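**Student:** Structure below; questions to follow.
The values are calculated or read from the model by the stated rules, or taken from the named source; none is laboratory data. The shown structure was predicted, so the numbers you read here are calculated from the model rather than taken from an experiment. Cβ: placed from backbone, ideal geometry, glycine included. Neighbour counts: every protein chain shown.
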Amino acid sequence: MKKFIVIFLAFIFCFEPMVYAEDVFEDKNQQETEERMKPPALSEIETFYNNSEALESGNILWQAGYNIFSDGSGIQNSLTGKYGNNYKLSIGENVNVYMYGDSVDVMALSGSNLVNPVTKTTVDSSGNIFIQGIGPVKAENRTIQEVENTINAMASSKYKKAKVKLTIASGQDFSVFVYGYVNHPGKVLVGNNSSILDVLNAAGGITKNGTLRKIKYTSGQKTKEVDLYDVIFNGNDSNIIVRPNDKIFVGKIGKTAAFKNGVTVAGIYEIKDKETLIDAVKYAGGLTPLTQSTSVVLTRLDDKTNQREAQNIIWKNAGSTILSNGDMVEFKKLYNEAENTVTIQGNIKHPATYAYKEGMRLSDILKSEKELMEETF
């Protein structure tokens, strides 16, 4: 009996911590889930465009484009792009060399007594790769296709039926410097064939005070301005692949304007100088089918009075309407009910709706008493 009591008490004391730990684990998971479900805090710009009515209804206007980045934690050391024929080689990269064709030529090209169709080589400090039977070939800052064509041209002068195909054997992380309005400015590590978006994501993404439209990208002695709207909304990435020690600077956000409704993606958009209402609508995905496009209400902040003033813009003038900082655009919705109609109903055999015509009389739609139901007064 004593033995049973000891075992029972031991079971209780062992089981209770397990239950407690399980409860703590569930509470932690629930708290993490609730934290993820919370809406993000409004930025200063978002606060400007959203009134108390928008906050209460939940129809909040967010700054467009920033959700393309990760949660701000950065994803360093995990970015490796695809290595197509237009990928440019860098010093230190390993390259697979595939040889095919006549077996005798392949053995001669590979420098082996056996058929060895695959070898590996590395871009050395001089920027060359060494191909057995060919010699050194310039590879740094040249595309895989260019290097491959050079090798095959050199091989054709020595071997009749030997061909070479190149691929990347392994990637290599390298440093890129990111400055300005990003969550983690400084040196970030990215993988080969990474784009500007990859680098910015590795830096934690652009803050909502930073520009998406005028990003400065410097590679060597050349500086280029990049508009991420072309990437995000048009899919044009400019084919920019970053190189080691490149620099990216994200300046302060420019002018903004907001679409309250009527477009595919309502929200707050950064606008460049001289961009029109039509330009901004394109970034917002165009008008929806239920948008009345004959006119639009443009609410603009007056510089002198610091008050908002509404004005009606005829849609045909939208292409010449230059947007200003702080503009709010609102469209009217199309009515679901038809206009200019006449409906007849009640004690008649065929209730119906007719298009109204000027001068129309009741006798035009109720032509005889035979169309009335029996016992009609």
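**Student:** Given the criteria closer than 18 Å to PHE177 by Cα, in contact (Cβ under 8 Å) with a residue 12 or more places away in the chain and basic (Lys, Arg), does LYS252 qualify? Give the steps one after another, and end with the answer.
**Tutor:** Values: closer than 18 Å to PHE177 by Cα: yes; in contact (Cβ under 8 Å) with a residue 12 or more places away in the chain: yes; basic (Lys, Arg): yes.
So LYS252 passes the test.
**Student:** Among the residues of the stretch 333-363 satisfying the criterion of being among the basic types (Lys, Arg) and over 25 Å from PRO289 (Cα atoms), which is surrounded by the fewest Cβ atoms within 10 Å (Cβ to Cβ)? Step through it out loud before you land on a result.
**Tutor:** Filtering the stretch 333-363 down to residues among the basic types (Lys, Arg) leaves 333, 349, 357, 361.
Subsequent filtering for residues that are over 25 Å from PRO289 (Cα atoms) retains 349, 357, 361.
Details: LYS349: 9, LYS357: 9, ARG361: 7.
Ranking the candidates gives ARG361 first.
**Student:** Only one of THR294, THR256 is more than 18 Å from GLN311 (Cβ to Cβ), part of a strand (DSSP E or B), over 18 Å from the mean Cα position of the chain (by Cα) and among the β-branched types (Val, Ile, Thr). Can you tell me which? So that I can check it myself, show each step before the final result.
**Tutor:** On the way: THR294 fails: more than 18 Å from GLN311 (Cβ to Cβ).
Exactly one residue qualifies, and that residue is THR256.
**Student:** Is it fair to say ASN67 is at pLDDT 65 or above and not in a helix (DSSP H, G or I)?
**Tutor:** Numbers: at pLDDT 65 or above: yes; not in a helix (DSSP H, G or I): no.
Here the answer is no, as ASN67 does not meet what is asked.
**Student:** Next up: Do we find that SER126 is in contact with a strand residue (DSSP E or B) (Cβ under 9 Å, 6 or more places away or on another chain), surrounded by 14 or more Cβ atoms within 10 Å (Cβ to Cβ) and modelled with pLDDT of 80 or more in this structure?
**Tutor:** On the way: in contact with a strand residue (DSSP E or B) (Cβ under 9 Å, 6 or more places away or on another chain): yes; surrounded by 14 or more Cβ atoms within 10 Å (Cβ to Cβ): no; modelled with pLDDT of 80 or more: yes.
Answer is no for this residue.
**Student:** Condition test on ASN312, is it part of a loop (DSSP other than H, G, I, E, B) and at pLDDT 90 or above? Walk me through it before giving the result.
**Tutor:** Working: part of a loop (DSSP other than H, G, I, E, B): no; at pLDDT 90 or above: yes.
Criteria not met by ASN312.
**Student:** Additional query: Within the stretch 347-377, how many residues turn out to be charged (D, E, K, R) and under 60 Å from the mean Cα position of the chain (by Cα)? First the steps, then the outcome.
**Tutor:** Going through the stretch 347-377, the residues charged (D, E, K, R) turn out to be 349, 357-358, 361, 364, 367, 369-371, 374-375.
Going one step further and asking which of them are under 60 Å from the mean Cα position of the chain (by Cα), we end up with 349, 357-358, 361, 364.
Counting residues in the stretch 347-377 that are charged (D, E, K, R) and under 60 Å from the mean Cα position of the chain (by Cα) gives 5.
**Student:** Answer yes or no: is there a residue in the stretch 283-290 that is outside any loop (DSSP other than H, G, I, E, B) and under 25 Å from the mean Cα position of the chain (by Cα).
**Tutor:** Initial filter on the stretch 283-290 (outside any loop (DSSP other than H, G, I, E, B)): 283, 287.
Now narrow it down to the ones that are under 25 Å from the mean Cα position of the chain (by Cα): 283, 287.
Yes.
**Student:** When you go through VAL231, VAL226, VAL188 one by one, which is the residue that is touching a helix residue (DSSP H, G or I) at 6+ places or on another chain (Cβ under 7 Å) and in contact (Cβ under 8 Å) with a residue 60 or more places away in the chain? Step through it out loud before you land on a result.
**Tutor:** Values: VAL231 fails: in contact (Cβ under 8 Å) with a residue 60 or more places away in the chain; VAL226 fails: in contact (Cβ under 8 Å) with a residue 60 or more places away in the chain.
Answer to the check: VAL188.
**Student:** From the list LEU366, LEU323, which residue is surrounded by 11 or more Cβ atoms within 10 Å (Cβ to Cβ) and either in the same structural domain as GLY262 (by TED's automatic domain parsing) or on the phi > 0 side of the Ramachandran plot (or both)?
**Tutor:** Working: LEU366 fails: either in the same structural domain as GLY262 (by TED's automatic domain parsing) or on the phi > 0 side of the Ramachandran plot (or both).
So the residue among LEU366, LEU323 that is surrounded by 11 or more Cβ atoms within 10 Å (Cβ to Cβ) and either in the same structural domain as GLY262 (by TED's automatic domain parsing) or on the phi > 0 side of the Ramachandran plot (or both) is LEU323.
**Student:** When you go through LYS222, LYS260, LYS272, LYS208 one by one, which is the residue that is outside the structural domain of ASN317 (by TED's automatic domain parsing), surrounded by fewer than 19 Cβ atoms within 10 Å (Cβ to Cβ) and of a type in the set (D, E, K, R)?
**Tutor:** Working: LYS260 fails: outside the structural domain of ASN317 (by TED's automatic domain parsing); LYS272 fails: outside the structural domain of ASN317 (by TED's automatic domain parsing); LYS208 fails: surrounded by fewer than 19 Cβ atoms within 10 Å (Cβ to Cβ).
When all the criteria are applied, what remains is LYS222.
**Student:** Could you grab me the full set of residues in the stretch 289-339 that are without any contact (Cβ under 8 Å) to a residue 12 or more places away in the chain and within 20 Å of ASN51 (Cβ to Cβ)?
**Tutor:** Result: ASP302, THR305, ASN306, GLN307, GLU309.
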